[in-house]
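Undergrad: Attaching a single structure in structure tokens format; questions to follow.
Since every read-out is calculated from the coordinates, none of them should be taken as a lab result. In this text, all values refer to a predicted model and were calculated from it rather than measured experimentally. Cβ atoms come from the backbone with ideal geometry, glycine included; neighbour counts cover every protein chain shown.
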Amino acid sequence: MAPSTLPLGLPAPEDGSVPPAAVEGAGTRSFGLYVHIPFCAVRCGYCDFNTYTATELGGGASQDAYAGSVLAELDLGARVLTSSGFPDRELSTVFFGGGTPTLLPASDLATILRASTALWGLAPDAEVTTEANPDSVTPESLRILREAGFTRVSFGMQSAVPHVLAVLDRTHAPERVPQAVAWAREAGLKVSLDLIYGTPGESLEDWRTSLSTALSYEPDHISAYALIIEEGTRLASRIRRGQVAPIDDDDHADKYLLADEMLAQAGFQWYEVSNWARTPLDECRHNLAYWRGDDWWGAGPGAHSHLGGTRWWNVKHPRAYAQALDAGRSPAAGREILSAGDRSVEEVMLRARLSEGLPTDRLTPAGRRAIAGLIADELIQPAAAFAGTVVLSFRGRLLADAVVRRLLPD
Amino acid sequence: MSPMARTAPVPAATDPAIIRNFCIIAHIDHGKSTLADRMLQLTGAVEQRDMKAQYLDRMDIERERGITIKSQAVRLPWELDGTSYALNMIDTPGHVDFTYEVSRSLAACEGAILLVDAAQGIEAQTLANLYLAMENNLTIIPVLNKIDLPAAQPEKYAAELAGLIGGDPEDVLQVSGKTGVGVEALLDKIVRDLPPPTGDPDAPARAMIFDSVYDTYRGVVTYVRVVDGNLRPRERIQMMSTRASHELLEIGVSSPEPKPSKGLGVGEVGYLITGVKDVRQSKVGDTVTTLAKPAAESLGGYEDPKPMVFSGLYPLDGTDYPVLRDALAKFTLNDAALVYEPETSAALGFGFRVGFLGLLHLEITRERLEREYNLDLISTAPNVEYQVTLEDRTVLLVTNPSEYPSGKIAEVREPMVSATILAPSEFVGAIMELCQQRRGVLGGMDYLSEDRVEIRYRLPLAEIVFDFFDLLKSRTRGYGSLDWKADGDQVSDLVKVDILLQGDQVDAFSAITHRDKAYAYGVMMTGKLRELIPRQQFEVPIQAAIGARIIARESIRAIRKDVLAKCYGGDITRKRKLLEKQKEGKKRMKMVGRVEVPQEAFIAALSSDEAKDKARK
Ligand SMILES: Nc1nc2c(ncn2[C@@H]2O[C@H](COP(=O)(O)OP(=O)(O)O)[C@@H](O)[C@H]2O)c(=O)[nH]1
Ligand SMILES: C[S@@+](CC[C@H](N)C(=O)[O-])C[C@H]1O[C@@H](n2cnc3c(N)ncnc32)[C@H](O)[C@@H]1O
Ligand code: SF4
Ligand SMILES: [Mg+2]
């Protein structure tokens, strides 16, 4: 997934090159690939991801031609990495996000995956995920994906309750989800389900129903996101006009509590604020790489990349993206080269969200002085802190941003 | 039509008969600066190519807020019927906070232009200054400005002015500072109607200080009007109030740029530079004489400036305290009315209790401190000075509620003002209601014209320093205007209301109020704080108390969620920017005990909703 608004940064070089500093320590970081697929059948009212519903976008950009553009960017990526002096690293994770990747023919996704494998190689235990809408897969398409090397599919279930799905503008019938899950299992894919809680009109009972329904499908992994009202979305304006009730933080807190309780009961472990896995092997390693500060190339319009402290992002529109690549230019729109200070701020901000935690020696002296207070306020786990790691307590997970601010007092 | 003067009279050698000293009395925005610009242009004092708007409003703070704080004197040459005259235009501050400065500027003149916006009519502060001018026996030239405006009502307001000063509406000049219409006629009228200054050229020198400004390069620049004798460069002069003497390093006139001269004679207006660095050594209202031949008696009328409103100023970031201290020290060099002393607040740390002439003076000072020294400041609720007599007859002067004694009080006296309000007569009811709520006693009411009234009230100063003017404006749809002056004190039944956060008293929120209003204050304040203080990681009870008795309570529930759960893909940059923004927001918070209180809470909690609503519009 890639959000629709791009940050402001420095101009990115036309040849896509990265500064030499990005190479430092590359051998110790894993390398992954994110492929953005910017198409959806309909735009959901709450969604501000970079996605388009038209099949023809003009200027040579279309859903049909899209895979070709991505292949061109991957070629560029392989050249840039080699010429910048990066060591050869096999892909340890690949993630197709959107938009709705499965709106493209499965063969397109397979082609892109094969091309990536040809360029970089795929680690034997690599995790290869695609996001999917429940109504955009068939037994056939899932089999093709598995054959091409995909290992995992993440379905946007969101809710099991019809009136909640309606507020979210979701088009799939609830009974389609168990079907899609069964097909994925048959094809040999691991399954994750995305849920959204705190939708206007959703009662605590509705949320309990969604959780127990999702659990009854026995997925390997569950992501539960509190609904965010993003500026500029249709849902935001409906709330502003009073047509839909506003969301409420206390309601979110109650629902997070319920989610953690029910998921733990069912044997799921949290490993990131919004993510739970059946076993450590079921954790989404691609997402973990984001939180751990590893390297990845992000291909596709609006996609973000990170290599050793250099972050960049591509132009947003598929047409501008296709045109840049047609002209042999990098599609990057801007970048930032993080200072040492920025990097350590990011490290605290990202790693503190994980159950594996943040080693206290990664904090500044002032940050370390905040630890006692965080223990007193029951925001982090005392035993872990004594052993040298900051790990959020249950209460701390709901107040994670406040914990991070306190760990970064300077 | 008069031509520009061909030969300007030379300072120090000018016959008083060809001198005219005048000032312009006008309400803010009625066009004084624009008219002054036209006069500078027409008299050739400023060359066409050097002309810029609001020429005399040098300090940028004035330009931003449209307020002229410091007066200046400009010498303008003007020829009439073949004689060259020297006109001295003395710019006066227009705001009621600076009444004393106004009265000194008026004392330097023989005449005043009463400048009134022809679309607005006269305002209360202008009326107050007009009374001061008439008391000083100044000749008044009534002028209606902005007659180019379609909304101008010259007949109506000419009648009003004529009614006020006694005269014929026909004699009211009509001008436009914008187009220049009527400005030459006005200059001619100044020469014709204003009496020349009189004084004894052979008597010991006496000159009145009407302004005193600190300049970084030149030290204090003192503006004087010579009454008797004369002053020469390199002479030693003496300040009559303190007997301190200084050497006159430079003497000259502003035209409008400073221009050294061979001296200043009877009736002349100009500046002195002695090298002193603090305006307190060159006080407005004082009389300057010479050491060699000192005058026996001063010109009189000198008063020490008296602060009326007190507020605690605290840096949001405690480490800025030394910066604030140095800044205040610098400010007092140029502002004789500013007084301060260090103060400690349990809630806010180290700061200063600062005395001001009024609320505007407070706001301007605070704003300049923040901007010029890059400070974030909290100013506590403005307070007046209470005189508290204990049962053992000791008398305390209390300018800070936290110093209010807790028991054994025999009597409390609070300062009073007499206020004059002008407004269209349809608002009389609303105004009287407001003044009544503010413990006012009606002094009288007069109709200025058919539909405009003047209402006089005696009110406690404490009731008007805060939001009274805003409320008056909102209840009179902007038409009401206010002038006030100190008017003794009175015994009142006052109590101190404390505000407690999490059981701890926050001294910065304490207030001294009338007993009958204590409950309302407590309810209002706890309610406001509940709205303004964001939810914290724990519950925060808010209470209002008189002594140990709780009179109102509220509570802020603990925040339960402060995390962005959605994964923005790999857009970590966005996440970090968000974190930076959150941290920026926290910086604008003051830790009071364990509670984060936004800076706005200190300001907004102390203003009334009605006034705030108006400000939002
Ligand atoms: N139409 C018109 N506007 C004027 C005239 N004189 C001043 N103004 C405007 O009125 C506003 C206030 O003028 P200013 O000279 O700053 O007023 P001051 O506050 O009394 O010094 C400004 O926007 C001027 O442009 C005039 O004669 N006609
Ligand atoms: C890029 S979306 C994609 C997957 C797929 N297109 C779908 O919607 O099923 C990934 C997940 O982000 C979550 N999400 C999207 N917008 C959100 C929002 N405004 N608030 C909270 N979660 C959101 C949804 O759970 C969604 O499944
Ligand atoms: S299907 Fe997914 S990506 Fe597409 S609009 Fe809906 S939430 Fe956004
Ligand atoms: Mg002005």
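Undergrad: Considering the Cα positions of the protein assembly as shown, please state its Rg to one decimal place and its Dmax as a whole number of Å.
TA: 38.0, 118
Undergrad: Another one. If exposed GluC sites (Glu not before Pro) are those in a DSSP loop with at most 14 other Cβ within 10 Å, what is the longest stretch of chain A that has none?
TA: A:232-377
Undergrad: Per-residue Cβ counts within 10 Å, from other chains only, averaged over A:392-402: what number is that?
TA: Whole-number average of other-chain Cβ neighbours for A:392-402 is 4.
Undergrad: I want to check the label-to-label distance for A:Ala340 and B:Gln436. Put each point 7 Å from Cα in the C-beta direction and report it in nm to one decimal.
TA: 7.2
Undergrad: A further question follows. Given the peptides B:447-457, B:11-21, B:546-556, arrange them by the average over their residues of other C-beta atoms within 10 Å, most packed first.
TA: Going by the mean number of other Cβ atoms within 10 Å, highest first, we get B:11-21, B:447-457, B:546-556.
Undergrad: What's the average, rounded to a whole number, of partner chain beta-carbon atoms within 10 Å of each residue's beta-carbon in B:575-581?
TA: So the per-residue partner count for this stretch is 4.
Undergrad: Follow-up. Distance from the Cα centre of region A:381-410 to that of region A:141-155, in angstrom?
TA: 37
Undergrad: Something else now. In units of 2.2 N^0.38 Å, what is the alpha-carbon radius of gyration of region B:16-193?
TA: So the Cα radius of gyration is 0.95 times the expected 2.2 N^0.38 Å.
Undergrad: Moving on. Using θ = phi - 60° and the Karplus curve 6.51 cos²θ - 1.76 cosθ + 1.60, what whole-Hz ³J(HN,Hα) does each residue of region B:163-179 get, with Gly and Pro shown as x?
TA: With the stated coefficients, region B:163-179 comes to x, 6, 9, x, x, 9, x, 4, 7, 7, 6, 10, 9, 9, x, 6, 8 Hz.
Undergrad: Here's another thing I want to ask about it. Give me D for chain B in µm² s⁻¹, whole number, from Stokes-Einstein with Rh from the Kirkwood sum over alpha-carbon pairs, 20 °C and 1.002 mPa s.
TA: Once the numbers are plugged in, D ends up at 80 µm²/s.
Undergrad: Compute the distance from the alpha-carbon center of region A:164-180 to that of region B:388-424, in whole Å.
TA: Region A:164-180 and region B:388-424 have Cα centres separated by 71 Å.
Undergrad: Name the shape class, rounded, prolate or oblate, that the alpha-carbon gyration tensor gives for region B:407-560, where a ≥ b ≥ c are the square roots of its eigenvalues, rounded holds for a/c under 1.5, and otherwise prolate holds if a/b is larger than b/c and oblate otherwise.
TA: Oblate is the answer for region B:407-560, as a/c is 1.5 or above yet b/c matches or exceeds a/b.
Undergrad: First select every other residue whose beta carbon is under 9 angstrom from the beta carbon of A:Ala26; then total the charges, Lys and Arg +1, Asp and Glu -1. Kindly include the intermediate steps, with their values, before the conclusion.
TA: Numbers: positive: A:Arg29, A:Arg89; negative: A:Glu24, A:Asp295.
Net of charged neighbours comes to 0.
Undergrad: Compute the projected area of the convex hull of the Cα atoms of region B:309-380, averaged over all viewing directions, and report it in nm² to one decimal place.
TA: 4.1
Undergrad: Starting from a Cα-only point model with no solvent, please compute log10 I(q)/I(0) by Debye for region A:20-292 at q = 0.15, 0.16 1/Å.
TA: Taking Cα atoms of region A:20-292 as identical point scatterers yields -1.19, -1.31.
Undergrad: At 0.36 nm per residue, and after removing the present C-alpha to C-alpha distance, how many nm does the segment from B:Asp81 to B:Thr139 gain when stretched out fully?
TA: Contour length minus the Cα-Cα distance gives 18.7 nm.
Undergrad: Another question, if that's okay. Across region B:243-250, in residue order, what do the Karplus-derived ³J(HN,Hα) couplings come to in whole Hz, using 6.51 cos²θ - 1.76 cosθ + 1.60 with θ = phi - 60° and x for Gly and Pro?
TA: Values, residue by residue: 6, 6, 10, 9, 8, 7, 6, 8 Hz.
Undergrad: Suppose R0 equals 30 Å; then what is the FRET efficiency for B:Thr394 and B:Asp516 from their Cβ-Cβ distance, rounded to the nearest 0.05?
TA: On the way: r = 27 Å, r/R0 = 0.90.
The value I calculate is 0.65.
Undergrad: Where in chain A are the helices, taken as whole DSSP H runs, whose Cα atoms extend 20 angstrom or more along the long axis and whose Kyte-Doolittle mean reaches at least 0.5?
TA: A:106-120
Undergrad: Considering every residue in A:282-295, what mean count of other chain Cβ atoms within 10 Å of its Cβ is obtained?
TA: That average works out to 1.
Undergrad: Here's a follow-up. Tell me what chain B gives for mean residue ellipticity at 222 nm when only DSSP H runs of n ≥ 4 count, each as -39,500 (n - 2.57), the sum divided by the residue total, rounded to 500 deg cm²/dmol.
TA: -7500 deg cm²/dmol
Undergrad: May I pose another question? Any idea how far apart B:Arg192 and A:Ala123 come out in nm if each label point goes 7 Å out from Cα toward Cβ?
TA: Between B:Arg192 and A:Ala123, the simple spin-label model gives 9.9 nm.
Undergrad: Just order B:122-129, A:393-400 by mean Cβ neighbour count inside 10 Å, highest at the front, would you?
TA: Values: B:122-129: 23.6, A:393-400: 20.6.
So the order, starting with the most tightly packed, is B:122-129, A:393-400.
Undergrad: Quick query: amide H of B:Gln536 versus all other amide H atoms, modeled in the peptide plane; which residues come in under 5 Å with a sequence gap of 5 or more or a different chain?
TA: B:Ile559
Undergrad: Once both labels are modelled 7 Å past Cα along the beta-carbon direction, what's the A:Ser203-A:Ala21 spacing in nm?
TA: With each label point 7 Å from Cα toward Cβ, the separation is 5.6 nm.
Undergrad: Nearest 10 degrees is fine. How inclined is helix B:124-135 to the longest principal axis of chain B, computing both from alpha carbons?
TA: Once rounded, the angle reads 40 degrees.
Undergrad: Subtracting the Cα-Cα distance from 0.36 nm times the residue separation, let me have the gained length for B:Arg588 to B:Ala203 in nm, one decimal.
TA: 132.5 nm
Undergrad: Moving to a separate point now. Angle between the Cα long axis of helix B:515-532 and the longest principal axis of chain B, 0 to 90 degrees, nearest 10?
TA: Value to nearest ten degrees: 80.
Undergrad: Using the Karplus curve 6.51 cos²θ - 1.76 cosθ + 1.60 with θ = phi - 60°, what ³J(HN,Hα) values do you get for each residue of region B:360-370, in whole Hz, with x for Gly and Pro?
TA: 5, 4, 4, 4, 5, 5, 4, 4, 5, 4, 5
Undergrad: Report, by chain and number, residues whose modeled amide H sits under 5 Å from the one on B:Ala112, excluding near sequence neighbours (fewer than 5 apart, same chain).
TA: B:Cys23, B:Thr139, B:Ile140, B:Ile141
Undergrad: Could you tell me how many cubic angstrom of Cα convex hull volume region A:339-410 has per residue? Walk me through the numbers before you get to the answer.
TA: On the way: hull volume 5.3 nm³, N = 72.
Once divided by residue count, the hull of region A:339-410 is 73 Å³.
Undergrad: Taking Cα atoms of region B:387-492, Rg/Rh with Kirkwood Rh, to two decimals? Let's see the in-between values first.
TA: Details: Rg = 16.6 Å, Rh = 15.1 Å.
Looking at region B:387-492, the ratio lands at 1.10.
Undergrad: For a Förster distance of 25 Å, can you work out the FRET efficiency between the beta-carbons of A:Asp169 and A:Glu56, rounded to the nearest 0.05? Please list the in-between numbers first.
TA: Values: r = 23 Å, r/R0 = 0.92.
Here the calculated transfer efficiency is 0.60.
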